[in-house]
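Below: one structure, written as C-alpha cells.
The values are calculated or read from the model by the stated rules, or taken from the named source; none is laboratory data. None of these values were measured; they are calculated from a predicted model. Backbone-built Cβ (ideal geometry, glycine too); neighbour counts: all protein chains shown.
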DNA sequence: ATGAAAGCGCTAACAT
DNA sequence: ATGTTAGCGCTTTCAT
C-alpha cells in the first residue's frame, strides 16, 4: 500500500483532461472560466477520493506566497508571549496561515539572522516584538512591501503597524495607587533597556512620583535568561534601599524573581514592602499574599495584531493603507500585596 | 535603492559563468567538481557582496527537503510545553532547521488536519505530543519514511521514537511520600483520558494505595481550556469528599485550578489538605504554603527529542535505525504543602 | 573544469 | 469551455 505522492498531472491524466483545468477548478476559478459543472464535480470528487493535496512548495514558488507568518517573540516560554502566540496561532490557522516562530532573546544579532531566515523562507507577513538594533532590517522588510506588525514595543524610526499597551499610564496609575495607600518610598525594578515599553513604564513611574514630590528609587537590571541572576540583582537593590516601603516590578519575570528575593530576605508583604507586578500571572493570584498586578489584555493584543496583519495580507498590494498604531489600556487587579495594614 | 531579488541566474550572468557552477560552489561541491580555487573565491566574494540568498522554496521543491520541523503540542501556552518548545527551537535553529508549530488542544480531528497541513508543507520531521485518535495518521507518516518523535505520551500501536518520563513511578513515589507523612485519604485529580501519560500516573497512584490497603478517591475531569470549568469540577469533588486529607493533581494546570478551588473553600494547606502537583511551576515555589511538586526534566526531554530527530534526519534513509524509547526519571521537590503538622 | 538542459509541481497568460 | 506553454529558482545528470 505504497501511497505514491500524486501530482496535479497525475490527476489530469487519470481524468483525461489538462492540468490547467484541474488547477482552475481547485483554485475556485471554475465559474469564471466557465468550466462545465459536471466536470467540476467529477474532478472534485476524484480529488477527494484519492486524497490529492497540492504541493504547497510548488504553489508557493509559483505564486510567491507561502501562507506562512513569521512570529518573533522575546521568549516563547514567557507566559505573556506564549499566551499571545496561542491566540495568534489559532487565528492564523483559521485563515489558512501557518506560523513559524522563534525567540529573539532580545538579541539584535540573533534577530537579524532570524529576519533573514524568515525572508529566505518567503514568509508572507511578520509579527515581531523587536529588540532595539534591528530598525534597519525591519525597514528593509517594509521597503520590500512585506507586511510587518510590531507588538509589545515599537521601534524608533520604524513606520509600521504596531500594537502596544499604554505603558506610561499603567505605571502612573500603579504608583498613584501606592501613594493613595500611603506608601512613600517606592522603588522600580526594571531592565536596562531602551525598549519603548520599558521606557514608557519608567516614564509613568517618574511622572507619578515627581507630581507628588517623592524620590525615585530605580534599579535597572541587564536582560538575562538566568533567574538566579535577576534575583541577585534585586537582592542587592533591596538591601541597599532599606527604607523602601513599596516596589513596582517592570515585567512578570522580574516580579517572580523579586518575590523570590523578598522571600529570601524574610521580608513580609505588604507590611515590610508592598508589591505590584507588571503583567498578570497565575502566581500572583495564588501566592501569599496575592500580588497586585497590572494586567495586559493578551487576547485583545493578539487579536489586534493578527487582524491588522490579515488585513494587510489580503489587501491589494497597490493600495497602500495607512499604518495603524493601536494602544490598548491595561487594568490593575488590586490584591493583598498593596493592602495598607497600618 | 530597490533591492531586486537576485536569482542564481543573475549571479551567473554577472560573473559570466553558468548557474550550475554557482550552484556547485554554493553547495560545497567545488572540490569534488574540481572548480578552480580562484573562481570559487570570486563567486563567494560576489555572492557575499550583493547579499545573494538562494530561494529556499525553489531549493526545497527541487530537493524535497524543507529544513523545517513540525512541532505539535497540546497547548503552547502551557509552561511545560512552551518550555520544551523553547529548548527545541534553540537546538533546531542551531542545526539549520526552522520550527513550525501548532497547538492540538488534544483534539484528534484538529491534529489530523495539522498533520495533513504539515505534510503538504513537506516538513522534514515531526515532534508530536499526540492525542489518542491519530494513530493511523502517524503510522502513515512513518510508513512514508518521515521521522516522527513522540513525547510526553506514546500511542498504542504506533512504533516510533518516543521520549517520556516515568509517570507510573513518579506518582507511586509521590503517594508513598504522602503515606509516609501519615496521610491516609489521598485523592487524585486527573483528566478523563486514555493518554498514556495520564494512565501511567493513575496506575502509580493505584499501586501505591493498594499496596497499603488504602482507598482510592479519583476524579476524572474532561479536558478543557476553560480554567473556571476545571475549578468547578474540583470544587464538586472536594465537597463530596470531606474526609480527604491529601490530593495529588495530575497536571500543572489541574494543580493551579485546584489551588484556586481550595482557596475558595477556605481550606488550609496542608492542615486540612496536603497537596502535590505533577509538573513544577514558579507558582508552586512561591505560593503559600509552597507546593510539593513532581518535576519533569524539561531541558533533558527537549534535548532527547531533538537529538533523536536530528539523528534520524541526518541518517541515510536507506539505513533503518531502530526506534529509541527514552524514559526519563522525574524528581520530587518536597515543599510545605505536604508537611505534616500534627 | 564547466555548462546545457531537464524537471521538481504548480499557475496563468494566451491560445483555440 | 478547455488545453498549450512558459516559467517560478534551484539542483543535478550528462555532455563536452
Might you check whether a residue that is exposed (fewer than 15 other Cβ atoms within 10 Å of the Cβ) and out of contact with any helix residue (DSSP H, G or I) (no Cβ under 8 Å at 6 or more places or on another chain) occurs anywhere in region B:251-267?
-> yes
Residue in region B:146-157 that is farther than 20 Å from residue B:199 by Cβ and within 13 Å of another protein chain (Cβ to nearest Cβ) present | yes
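Tell me, which residue of region B:143-163 that is within 18 Å of residue B:315 (Cα to Cα) and out of contact with any strand residue (DSSP E or B) (no Cβ under 6 Å at 6 or more places or on another chain) is surrounded by the most Cβ atoms within 10 Å (Cβ to Cβ)? Don't jump to the end; show me each part of the working.
Filtering region B:143-163 for residues within 18 Å of residue B:315 (Cα to Cα) gives B:143-149, B:160-162.
Remaining after also requiring out of contact with any strand residue (DSSP E or B) (no Cβ under 6 Å at 6 or more places or on another chain): B:143-146.
Details: B:143: 11, B:144: 11, B:145: 8, B:146: 19.
Applying the filter and picking the extreme gives B:146.
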Could you check residue A:234 against (1) without any contact (Cβ under 8 Å) to a residue 60 or more places away in the chain; (2) more than 14 Å from residue A:246 (Cα to Cα) and say which number it fails?
-> (2)
Mind checking which pairs have a first residue in region A:18-45 that is touching a residue at least 24 places away in the same chain (Cβ under 8 Å) and more than 14 Å from residue A:59 (Cβ to Cβ) and a second that is within 8 Å of DNA strand D (Cβ to nearest atom) and assigned to a loop (DSSP other than H, G, I, E, B), Cβ under 8 Å, 6 or more apart or different chains?
-> A:43/A:17
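If I filter region A:292-306 for residues that are without any contact (Cβ under 8 Å) to a residue 40 or more places away in the chain and in a loop (DSSP other than H, G, I, E, B), do I get at least one hit?
Within region A:292-306, not a single residue is without any contact (Cβ under 8 Å) to a residue 40 or more places away in the chain and in a loop (DSSP other than H, G, I, E, B).
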Would you say residue A:51 is away from DNA strand D (no atom under 16 Å from the Cβ), over 23 Å from residue A:313 (Cα atoms) and within 12 Å of chain B (Cβ to nearest Cβ)?
-> yes
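Limited to region B:4-22, what total is found for residues that are more than 9 Å from DNA strand D (Cβ to nearest atom) and either at pLDDT below 90 or part of a helix (DSSP H, G or I) (or both)?
Keep residues of region B:4-22 that are more than 9 Å from DNA strand D (Cβ to nearest atom), which gives B:4, B:13-17.
Checking the rest, the ones that are also either at pLDDT below 90 or part of a helix (DSSP H, G or I) (or both) come to B:4, B:13-15.
The qualifying residues number 4.
Mind checking whether some residue in region B:30-39 is part of a helix (DSSP H, G or I) and closer than 28 Å to residue A:144 by Cβ?
The first filter runs over region B:30-39 and keeps only residues part of a helix (DSSP H, G or I), leaving B:37-39.
This time we only want the ones that are closer than 28 Å to residue A:144 by Cβ, so: none.
No, there is no match, as no residue in region B:30-39 is part of a helix (DSSP H, G or I) and closer than 28 Å to residue A:144 by Cβ.
Looking at residue A:102, is it in contact with a strand residue (DSSP E or B) (Cβ under 9 Å, 6 or more places away or on another chain), outside any loop (DSSP other than H, G, I, E, B) and without any contact (Cβ under 8 Å) to a residue 60 or more places away in the chain? Outline the logic, then answer.
On the way: in contact with a strand residue (DSSP E or B) (Cβ under 9 Å, 6 or more places away or on another chain): yes; outside any loop (DSSP other than H, G, I, E, B): yes; without any contact (Cβ under 8 Å) to a residue 60 or more places away in the chain: yes.
Considered against the rule, which asks whether it is in contact with a strand residue (DSSP E or B) (Cβ under 9 Å, 6 or more places away or on another chain), outside any loop (DSSP other than H, G, I, E, B) and without any contact (Cβ under 8 Å) to a residue 60 or more places away in the chain, residue A:102 comes out as yes.
Quick grid of which residues meet (1) under 31 Å from the mean Cα position of the chain (by Cα); (2) under 22 Å from residue A:310 (Cβ atoms); (3) facing chain B (nearest Cβ under 10 Å):
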site	(1), (2), (3)
A:38	no, no, no
A:45	no, no, no
A:58	yes, no, yes
A:78	yes, no, yes
A:87	yes, yes, yes
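Taking the condition in a loop (DSSP other than H, G, I, E, B) and surrounded by fewer than 22 Cβ atoms within 10 Å (Cβ to Cβ), does residue B:236 pass? Before you say what the answer is, go through the steps one by one.
Details: in a loop (DSSP other than H, G, I, E, B): no; surrounded by fewer than 22 Cβ atoms within 10 Å (Cβ to Cβ): yes.
It is false that residue B:236 is in a loop (DSSP other than H, G, I, E, B) and surrounded by fewer than 22 Cβ atoms within 10 Å (Cβ to Cβ).
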Restricting attention to region A:242-254, which residues are more than 10 Å from every other protein chain (Cβ to nearest Cβ) and part of a helix (DSSP H, G or I)?
-> A:254
For residue B:33, work out the one condition from (1) near DNA strand C (Cβ under 9 Å from one of its atoms); (2) at the interface with chain A (Cβ under 10 Å from one of its Cβ atoms); (3) in contact with a helix residue (DSSP H, G or I) (Cβ under 6 Å, 6 or more places away or on another chain) it doesn't fulfil.
-> (2)
The residue that is farthest from the other protein chains (Cβ to nearest Cβ), considering only those in region B:89-99 that are outside any loop (DSSP other than H, G, I, E, B) and surrounded by 21 or more Cβ atoms within 10 Å (Cβ to Cβ), is B:92
Any residue at all in region A:56-68 that is touching a strand residue (DSSP E or B) at 6+ places or on another chain (Cβ under 8 Å) and either crowded, with 18+ Cβ neighbours inside 10 Å or in a loop (DSSP other than H, G, I, E, B) (or both)?
-> yes
Under the condition of being within 12 Å of another protein chain (Cβ to nearest Cβ), without any contact (Cβ under 8 Å) to a residue 60 or more places away in the chain and touching a strand residue (DSSP E or B) at 6+ places or on another chain (Cβ under 8 Å), which residue from region A:258-284 is farthest from residue A:218 (Cα to Cα)?
-> A:283
For region A:1-17, which residues satisfy the criterion of being surrounded by fewer than 16 Cβ atoms within 10 Å (Cβ to Cβ) and within 7 Å of DNA strand C (Cβ to nearest atom)?
-> A:5, A:7, A:9
Which members of region A:170-192 meet the condition of being in contact with a strand residue (DSSP E or B) (Cβ under 8 Å, 6 or more places away or on another chain), under 27 Å from residue A:154 (Cα atoms) and without any contact (Cβ under 8 Å) to a residue 40 or more places away in the chain?
-> A:192
Counted residues, region B:290-333 - those being at pLDDT below 90 and either within 14 Å of another protein chain (Cβ to nearest Cβ) or under 14 Å from residue B:162 (Cβ atoms) (or both) = 1
Hey, could you check region B:101-121 for residues that are facing another protein chain (nearest Cβ under 8 Å) and surrounded by fewer than 21 Cβ atoms within 10 Å (Cβ to Cβ) and say which is farthest from residue A:115 (Cα to Cα)?
-> B:116
Residues satisfying the stated conditions in region A:60-74, i.e. in contact with a helix residue (DSSP H, G or I) (Cβ under 6 Å, 6 or more places away or on another chain) and either within 14 Å of residue A:8 (Cα to Cα) or within 9 Å of chain B (Cβ to nearest Cβ) (or both) | A:60, A:61, A:66
